[in-house]
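Some notes on the structure that comes next.
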Amino acid sequence: MCLTCGCSEEDGAVLTDLQTGERFLMHDDHVHPLGAKSTEQGHTHSHGHSHSHDQGHSHSHEHAAGHDHPHTHEHDHDHPHTHDHGHEHTHSHSHDHGPAHSHAPSTLHLQEQILGKNNVLAERNRGWLDGRNILALNLVSSPGAGKTTLLERTIRDLGGELSLTVIEGDQETANDAERIRATGARVVQINTGTGCHLDALMVSRGLKQLDPPANSVVMIENVGNLVCPALFDLGERAKVAIVSVTEGEDKPIKYPHMFRASEVMLLNKIDLLPYVTFDVDRCIAYARQVNPRLRVISISATKGDGLAEWYAWLRAQRG
Amino acid sequence: MHELGITQEIVELAEARADGRRVRKVVVEIGRLSAVLPDAVRFCFEMCAEDTSVAGAELQIIEIPGTAKCRACAGMVALDRPFGRCECGCTDLEWLSGEELRVTQIEVE
Ligand SMILES: Nc1nc2c(ncn2[C@@H]2O[C@H](COP(=O)(O)OP(=O)(O)OP(=O)(O)O)[C@@H](O)[C@H]2O)c(=O)[nH]1
Ligand SMILES: [Zn+2]
Ligand SMILES: [Zn+2]
Ligand SMILES: [Zn+2]
Ligand SMILES: [Zn+2]
Ligand SMILES: [Zn+2]
Ligand SMILES: [Zn+2]
């Protein structure tokens with residue numbers, strides 16, 4: 001049990017820095033260096049403060065039930081939620097009204113975005129990256145489609161031209177990060193444990209540890225999963241979906257959310273086309289049905305086919 | 001899957017807003033195009049609410065249908081999955097509703 005926050009120390013994703021060997025357990029709004037005792041000193045509480053609004057500002061708010069407030073209220077209340085300054089934020093909070101008011105005091109009308117916390121953090125990451133002119137891409141695919149292989153190859157081919165660093169997401173092991181490290185690139189591994197996707201908070205911790213240089217490229221390899229990574233904005237410039245010819249050509253309509261959320265689809269392992277039954281045109285037609293604006297590039301991450309087009313797209317994103 | 005985390009968020013939002021009071025009911029809107037399955041949220045709710053001020057609360061899910069506007073002819077298209085085709089043949093659609101994912105009401109004691 002963590003004495004400061006009361007959280008169970010076993011829960012949470014683990015961040016590993018392959019270069020320094022440091023490991024951290026990530027909790028909601030703070031991290032625990034792993035191996036160290038859970039003392040006050042071993043604990044960095046970074047944010048997640050509550051603050052009060054005492055300036056007497058007024059909010060407009062909506063009541064869905066069809067009644068009107070002819071008044072504005074002044075507040076002197078506490079918001080127990082984290083709150084980002086300078087971001088779009090639906091400020092819907094509850095407050096009690098005095099007895100002069102007729103509606104049932106027990107019903108609170110809200111407009112709380114369920115993914116709001118993640119979205120706010122993703123915007124914060126985006127601002128952080130923009131400020132340093134760093135291009136971040138979120139690579140998504142089913143397990144084994146070839147994300148790590150593509151990254152290894154991209155780093156080897158473009159290493160002299162671009163500064164590339166990597167955030168690796170996997171449920172377990174640092175195997176992918178070790179592969180990236182072997183190319184000489186800076187990399188941190190995030191192990192999500194039971195979690196099946198990266199979220200913006202994990203990436204924000206990952207970025208702090210990675211400390212990518214200005215004007216560089218950060219590749220975020222998401223957990224192999226075509227479902228939930230579509231829902232979690234990480235602050236990336238674009239999602240790049242990878243699908244391989246060993247998976248069946250109907251992946252784009254079986255997992256439409258992911259292909260809709262992506263800007264590019266890389267059709268990988270085309271060197272295997274002579275050995276598998278895979279209709280390339282059909283796959284692309286399905287993908288376009290879901291996302292008419294999708295850019296499709298056929299590649300072989302191992303043999304090198306089509307990579308020139310991928311690199312051209314990558315360069316174009318840097319502006 | 002991700003519905004577990006989503007349901008945890010719902011419970012946390014309700015708990016924060018209830019500010020110590022017991023929550024009797026939570027109303028959420030889930031759009032048909034949101035990639036979140038209402039049944040899975042219902043399934044997770046009781047477990048997520050356990051040992052919180054939301055324990056025992058009723059969960060009401062309002063499902064919002066998907067609608068879109070065709071980018072070619074401006075015609076309206078109803079969507080029950082995250083893609084579709086306008087009568088004019090165009091698949092480039094601007095989504096108008098169906099992505100909702102929010103807590104809209106709680107009842108506290
Ligand atoms: N023939 C062929 N094999 C490939 C290609 N790209 C990747 N592979 C192989 O596919 C397997 C999986 O590749 P990875 O790069 O580990 O896939 P991944 O998407 O990173 O996998 P996870 O991180 O586990 O989700 C490895 O055996 C690769 O060698 C390709 O273009 N052609
Ligand atoms: Zn803790
Ligand atoms: Zn107010
Ligand atoms: Zn603040
Ligand atoms: Zn990988
Ligand atoms: Zn997930
Ligand atoms: Zn049309």
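The values are calculated or read from the model by the stated rules, or taken from the named source; none is laboratory data. Note that the coordinates shown come from a computational prediction; the quantities given were computed from them, not determined experimentally. We place every Cβ from the backbone using ideal geometry, glycine too, and count neighbours over all the protein chains shown. The protein model used for the area step is the full one, side chains on, heavy atoms only, and it has no ligands, DNA or RNA in it. Shrake-Rupley method; radii C 1.70, N 1.55, O 1.52, S 1.80 Å.
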Long-range amide H partners of B:LEU101 with built H, under 5 Å: A:ILE114, B:GLY31
Spread of Cα-to-Cα distances over 10 Å intervals beginning at zero, given as percent, for the range A:191-319: 12, 38, 36, 13, 1
With Cα atoms, 0 to 90° folded angle of helix B:2-18 axis to chain B main axis: 60
Neighbour net charge for A:ALA287 - beta-carbon separation under 13 angstrom, K R +1, D E -1: +1
C-alpha long axis of helix B:38-49 to longest principal axis of chain B, angle in °: 20
Theoretical ellipticity at 222 nm over chain B - DSSP helices of four or more residues, -39500 (n - 2.57) apiece, nearest 500: -8500 deg cm²/dmol
Chain B: Cα Rg divided by the 2.2 N^0.38 Å rule of thumb: 1.30
Approximate shape of the range A:145-209 as ellipsoid semi-axes (Cα gyration tensor, √5λ), whole Å, largest first: 21, 13, 10
Directionally averaged projected area (convex hull, Cα atoms, the range A:179-244), nm²: 5.4
Accessible area buried at the B-A interface, both sides summed, 1.4 Å probe (Å², nearest 100): 3000
Stokes-Einstein D for the range A:122-231, Kirkwood Rh over Cα pairs, 20 °C, 1.002 mPa s (µm²/s): 154
Computed over the range A:160-319: relative contact order in percent, which uses C-alpha pairs under 8 Å that are six or more apart: 18
For the range B:50-109, alpha-carbon Rg and Dmax in angstrom: 17.6, 53
Diffusion constant of the range A:263-309 at 10 °C, which comes from Stokes-Einstein with the Kirkwood Cα-pair radius and 1.306 mPa s, µm²/s: 141
Of A:LYS147/A:LYS208; A:LYS208/A:LYS251; A:LYS254/B:LYS25; A:LYS239/A:LYS303; A:LYS147/A:LYS254; B:LYS25/B:LYS69, pairs whose Cα-Cα distance is over 28 Å: A:LYS208/A:LYS251; A:LYS254/B:LYS25; B:LYS25/B:LYS69
Chain B, relative contact order [Cα under 8 Å, separation at least 6], %: 36
Residue-by-residue Karplus 3J(HN,Hα) for the range A:247-254, coefficients 6.51, -1.76, 1.60, Hz, glycine and proline x: 9, x, 6, 8, 3, x, 8, 6
